[in-house]
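Asker: This is the structure, below, for whatever I ask next.
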Amino acid sequence: MRKVRTHSRWQEWKWELDDVVENEEAFGTEPRLLHSDPDGERWLHPAFRVELYRDDAEGYYLNLSSPAPCFFVLWRMDEEPTLADEPIARPVIVSLSYHDAGRWLDAQETVEQVPAPPDVIEWMRVFAEEHYVPEPRRRKRPESFRRLEDRFGQPASVSTHKKYGREN
């Protein structure tokens, strides 16, 4: 995660996703400050695991079919300062699924994306090809050509002639 200075009179700093890198044992398991200067900070949040699930294969397929397949990262601000003098942004979960990202955005969460490296794209492609079977497209019949039915499923008709009451 990266904290950067803004050129706004209302907000001096903003947080943004910097990158997703492959985890190494040397990173440890706790977040730590990598770099700090007057223009911002860079934090490393290690030990996130990206898994692929069969029931989400369509989400990976959609990611692959986009112009730039990417990682989706949901992150939140700390409520209280824990590792620094002020609250920091913390990633919560990392995914490769369009469906996950869409659900998080629908829930008003902060979701950012970074391009996935070629080896991750290939891993996702092999998985999607093995587990995703696109549903055959069906022609949708226009509503105007459907036959009318009442609430019981019986054929219904529409007329402009009034059967009951006074005609004016």
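No lab work stands behind these numbers, since they all come straight from the coordinates. All values reported here derive from a predicted model rather than from experimental measurement. Every residue, glycine as well, gets a Cβ built from its backbone with ideal geometry; the counts of neighbours run over all protein chains shown.
Asker: In the calculated pair distance distribution of the stretch 21-164, what percentage of Cα-Cα distances lie above 23 Å?
Answerer: 57
Asker: At most 10 other Cβ atoms within 10 Å and a DSSP loop assignment: could you name the GluC sites (Glu not before Pro) in the stretch 73-150 that fit?
Answerer: Sparse-neighbourhood loop GluC sites (Glu not before Pro): Glu79.
Asker: What number, in percent, do you get for the relative contact order of the stretch 58-156 if the mean sequence gap of Cα pairs under 8 Å and at least 6 apart is divided by its residue count?
Answerer: This gives 30 percent for the stretch 58-156.
Asker: Treating each Cα of the stretch 1-93 as an identical point scatterer and ignoring solvent, apply the Debye formula and state log10 I(q)/I(0) at q = 0.21, 0.24 Å⁻¹.
Answerer: -1.13, -1.30
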